[in-house]
Amino acid sequence: MNKIAKSFITIDSKSYEYVIEYKNIKNVYLRIKDGFIYVTCNKRTSKRFIENFLINKKDWIIKQLNKEHRKEERTLLYSDQEFLNYIKVNVNKFSKSLDLYPKKVTIKKMKSAWGSCTSNKNISINKELMYYKEELIDYVIVHELSHLKYMNHSKDFWSLVGSILPDYKALRKELKR
Ligand SMILES: [Zn+2]
């Protein structure tokens, strides 16, 4: 039977609980799940080795924990349905302001863009945006709606975006990170 132990480790003066799962394996494995740190190793692995191992991986651990935390926070705010509603309501709102109306709006997972607009006037919004603040979602909506008039990133395009969102430059920068 596998044995499980719980322990604490201090990383950058903050204490983290972690779970050690002892299995009949050769290597040491690390994973983050539901906000917990899991180490899998064999019974002969010393506590000291595990602690050093965790310290060595601390940047990765903190990054993963923060990522999960952000997703959780956002998921609590938005279900898929609520995100869809938010997009619908705000596409309507900004369509009226711009007097530009898409034929169809689709929400989908996209790898390399926050949104897209086709020459057939179909707009796609990246589903990943549900984890971002509303100002950034609005920016993507206004950006894609503005492409219904200008299929480029010309001066005219940006002045149209700026007529609705005067601080679009800061939002664009934030989203690029
Ligand atoms: Zn664009």
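The values are calculated or read from the model by the stated rules, or taken from the named source; none is laboratory data. Worth saying up front: this structure is predicted, and the values here are computed from it rather than measured. Don't worry about glycine lacking a Cβ; one is built from the backbone with ideal geometry, like all the others, and counts go over all protein chains shown. These accessible areas exclude ligands, DNA and RNA; they are computed on the full protein's heavy atoms, side chains included. Shrake-Rupley method; radii C 1.70, N 1.55, O 1.52, S 1.80 Å.
Quick notes on this structure:
- Among the residues of the range 4-42, those that are assigned to a strand (DSSP E or B) and among the basic types (Lys, Arg) comprise 6, 14, 31, 33.
- Only residues that are touching a residue at least 12 places away in the same chain (Cβ under 8 Å) and more than 20 Å from residue 172 (Cβ to Cβ) were counted in the range 91-126, giving 14.
- Scanning the range 103-121 for residues that are open to solvent by less than 70 Å² (accessible area, probe 1.4 Å), away from the ligand (no atom under 14 Å from the Cβ) and over 17 Å from the mean Cα position of the chain (by Cα) yields 105, 106.
- Index of the failed condition, residue 97 passing every other in (1) away from the ligand (no atom under 13 Å from the Cβ); (2) more than 25 Å from residue 82 (Cβ to Cβ); (3) at pLDDT 95 or above; (4) polar (S, T, N, Q): (2)
This table checks each residue for (1) open to solvent by 90 Å² or more (accessible area, probe 1.4 Å); (2) of a type in the set (Val, Ile, Thr).
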position: 70; (1), (2): yes, no
position: 95; (1), (2): no, no
position: 123; (1), (2): no, yes
position: 131; (1), (2): no, no
position: 151; (1), (2): yes, no
position: 156; (1), (2): no, no
position: 168; (1), (2): no, no
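- Matching residues in the range 133-149 - criterion: being of a type in the set (D, E, K, R), within 14 Å of the ligand (Cβ to nearest atom) and open to solvent by less than 40 Å² (accessible area, probe 1.4 Å): 144
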